[in-house]
């Protein structure tokens, strides 16, 4: 038998026992055998402390000598750690029958089960996510504290108490209940089912994310389902915020380019179905960059917000204004196709944008240029209509800004020509198709050539010589001026290195170039490659160079001046804050713009020239008059005290091969070395002009 058995007669002697009983009780055959006295066996157990792990009334019963007259079942743990179950049944004739069962393993399993249950309950109740079990009808059977708290209840008992109406239906909004159960019954599991909870104890709705799975019975049929629930309210808010950010401009709160294109597509579809009209206005702020550079980016941002609000308030309900980026805006006008109505709306925008704005106590104003395209006449697709409005904007800027232009057939040809010119420009820069021509600069004190200004020329294979006024702005806009300017520096220095050592070369520098991080290195590279002395290189910059990031630009110019490079401020008097920058940086030369020389007879121009000459003398700078074309102009600038002159009266810009003739020494024999390269103005003027 797997159990121990012991039968005791009425005379208190053992009648029957088996080996299992001796093993479980831990006694020898000398103590337990047929005929042994049962009271001696009990006393032996008492003496060795067999019952010391048993407490209370049971221990008193076990340590008594009585056989007992009633059936009894109990469990006890022996000193060696073995747990046994004892069943004792009295016999009708006296005595008893007792069985012993080893339940050590069973107790271990039960203890492990209790521990596991306790751990499960701890995990279940203390989980940071809601955990539940529900019947297939949605009634919750069990819910943990996190789930109860999620729904605003004090504890899980309140949440699942009868009458609370706390059901799984709250997790799915309306028709989504059926969608949830259909997915669950079809696939046996639902992951990250996000829905709105309407049954919150506080009455406020929340969003939750739920993962659930079916629980099946022994036959494999669904009996209930379990799941976990987490609060997804913040997640939904974050998603909504991200979606808003993806469709709105972060600075102004206006719709961005993405939403603008979506709405324009929708409105065009509606216009096609309903036979209505829609107008698109492309808007670009004028002079915004100057304000931004002058007052700083925070002030520029504040200005953009102010103008965006003005635009929004000037439109009719239903119209849409969007910020596409930078200072670019776009507007959709609904239900208007007549040019008069659209033009009136555009004119209102020009007026409200042009009103002064207070920036840190300074009144400033910007303008706006507007291009208009009307659908479906100017385009039945969003991209086409917007492109045509942008073409019209380009023409509005050409017309002088602060104005509005409607798209007309043929406008795109001008834009196409510009795009083709840009392609040609890139190819020419890459293939080295540009050339430098040189215009002489004459010293009035000695009537000699002091140097030459290097000027970019583009001899186009098909279009002939293209004006710098056409390709320089394009090169600056596309950034190609950096590569083109670096080449011009190298080539001009290389050419000047072959001239007599007293001649300088002037090279124009674009604002885009000098703001480039490698500009300083480009200058050094040109000097090192050519071997030209730094003091023979004269960089000509306009005042606009100093407007943006002036501190960094001036620091760069100081580094160049320390190595000997001369610096000239070009077109003086036509830029921005000229005098303030002259105080910050002592230029070697000031070049008076040709517009003041051409108007030599005007008293205002004369006063300006005299003022610049006086300023130059005070600063120790050379004063060069540009654009001198007549003898009268030459005599006038000489009388006013200019140091140098430059203009067609002495020569147009010429290729390097032509200017070589101007560098012959005067009054010196062939076997003598010249002390100075001399060009008498009176002798050379006509030949230079002819050239």
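The values are calculated or read from the model by the stated rules, or taken from the named source; none is laboratory data. Worth saying up front: this structure is predicted, and the values here are computed from it rather than measured. Positions of Cβ are backbone-derived with ideal geometry, glycine not excepted, and every protein chain shown enters the neighbour counts.
Okay, residues lined up against (1) over 27 Å from residue 248 (Cβ atoms); (2) touching a residue at least 60 places away in the same chain (Cβ under 8 Å); (3) assigned by TED's automatic domain parsing to the domain that holds residue 271:
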position: 299; (1), (2), (3): no, yes, yes
position: 315; (1), (2), (3): no, no, yes
position: 323; (1), (2), (3): no, yes, yes
position: 335; (1), (2), (3): no, no, yes
position: 338; (1), (2), (3): yes, no, yes
position: 347; (1), (2), (3): yes, no, yes
position: 356; (1), (2), (3): yes, no, yes
position: 392; (1), (2), (3): no, yes, yes
position: 400; (1), (2), (3): yes, no, yes
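Of all residues in the stretch 600-643, how many are without any contact (Cβ under 8 Å) to a residue 24 or more places away in the chain, crowded, with 17+ Cβ neighbours inside 10 Å and out of contact with any helix residue (DSSP H, G or I) (no Cβ under 7 Å at 6 or more places or on another chain)?
Qualifying residue count for the region: 1.
Do the conditions hold for residue 359, that is, is it surrounded by 18 or more Cβ atoms within 10 Å (Cβ to Cβ) and farther than 23 Å from residue 259 by Cα?
Values: surrounded by 18 or more Cβ atoms within 10 Å (Cβ to Cβ): yes; farther than 23 Å from residue 259 by Cα: yes.
Yes, satisfied.
Out of the strands (runs of 3 or more DSSP E) lying entirely within the stretch 243-339, which hold 3 or more residues that are within 23 Å of the chain's Cα centre (by Cα)?
320-325, 328-334
Collect the residues in the stretch 251-283 that are loosely packed, with under 15 Cβ neighbours inside 10 Å and closer than 27 Å to residue 403 by Cβ, keeping them in residue-number order.
The one that is loosely packed, with under 15 Cβ neighbours inside 10 Å and closer than 27 Å to residue 403 by Cβ: 251.
In the stretch 284-305, is there at least one residue being under 17 Å from residue 373 (Cα atoms) and surrounded by 16 or more Cβ atoms within 10 Å (Cβ to Cβ)?
Keep residues of the stretch 284-305 that are under 17 Å from residue 373 (Cα atoms), which gives 284.
Keeping just the survivors that are surrounded by 16 or more Cβ atoms within 10 Å (Cβ to Cβ) gives 284.
Checked against the condition, which is being under 17 Å from residue 373 (Cα atoms) and surrounded by 16 or more Cβ atoms within 10 Å (Cβ to Cβ), the stretch 284-305 yields at least one hit.
So which of 297, 338 is modelled with pLDDT under 90 and farther than 19 Å from residue 388 by Cα?
Going through 297, 338 in turn, the sole match is 297.
Please go through the stretch 96-146 and pick out each residue that is farther than 30 Å from residue 3 by Cβ, touching a residue at least 60 places away in the same chain (Cβ under 8 Å) and over 46 Å from the mean Cα position of the chain (by Cα).
Passing the criteria: 135, 136, 141.
Results for (1) assigned by TED's automatic domain parsing to the domain that holds residue 139; (2) modelled with pLDDT of 90 or more, shown as yes or no for each residue.
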residue	(1), (2)
222	yes, yes
226	yes, yes
231	yes, no
243	no, no
257	no, yes
260	no, yes
263	no, yes
268	no, yes
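Sort through 41, 32 and tell me the only one that's in a loop (DSSP other than H, G, I, E, B) and surrounded by 12 or more Cβ atoms within 10 Å (Cβ to Cβ).
Working: 41 fails: in a loop (DSSP other than H, G, I, E, B).
Testing whether each residue is in a loop (DSSP other than H, G, I, E, B) and surrounded by 12 or more Cβ atoms within 10 Å (Cβ to Cβ) leaves just 32.
Considering only residues that are in a strand (DSSP E or B), under 21 Å from residue 93 (Cβ atoms) and either in contact (Cβ under 8 Å) with a residue 40 or more places away in the chain or under 60 Å from the mean Cα position of the chain (by Cα) (or both), which ones fall in the stretch 1-29?
5, 6, 7, 8, 15
From the list 470, 427, exactly one residue is without any contact (Cβ under 8 Å) to a residue 12 or more places away in the chain and either closer than 27 Å to residue 390 by Cβ or under 41 Å from the mean Cα position of the chain (by Cα) (or both). Which is it?
Of 470, 427, the one residue that is without any contact (Cβ under 8 Å) to a residue 12 or more places away in the chain and either closer than 27 Å to residue 390 by Cβ or under 41 Å from the mean Cα position of the chain (by Cα) (or both) is 427.
Criterion first (surrounded by fewer than 16 Cβ atoms within 10 Å (Cβ to Cβ), at pLDDT below 90 and either out of contact with any helix residue (DSSP H, G or I) (no Cβ under 8 Å at 6 or more places or on another chain) or over 30 Å from residue 310 (Cα atoms) (or both)) does residue 399 satisfy it?
yes
Given (1) without any contact (Cβ under 8 Å) to a residue 40 or more places away in the chain; (2) over 22 Å from residue 93 (Cβ atoms), where does residue 42 come up short, assuming only one miss?
Condition (2) is where residue 42 drops out.
Residues in the stretch 464-475: is at least one on the phi < 0 side of the Ramachandran plot and crowded, with 21+ Cβ neighbours inside 10 Å? Talk me through it step by step, then tell me what you get.
Start the filter on the stretch 464-475 by keeping residues that are on the phi < 0 side of the Ramachandran plot, which leaves 465-475.
In the following step, the residues that additionally are crowded, with 21+ Cβ neighbours inside 10 Å were identified as 471, 475.
Yes, some residue in the stretch 464-475 is on the phi < 0 side of the Ramachandran plot and crowded, with 21+ Cβ neighbours inside 10 Å.
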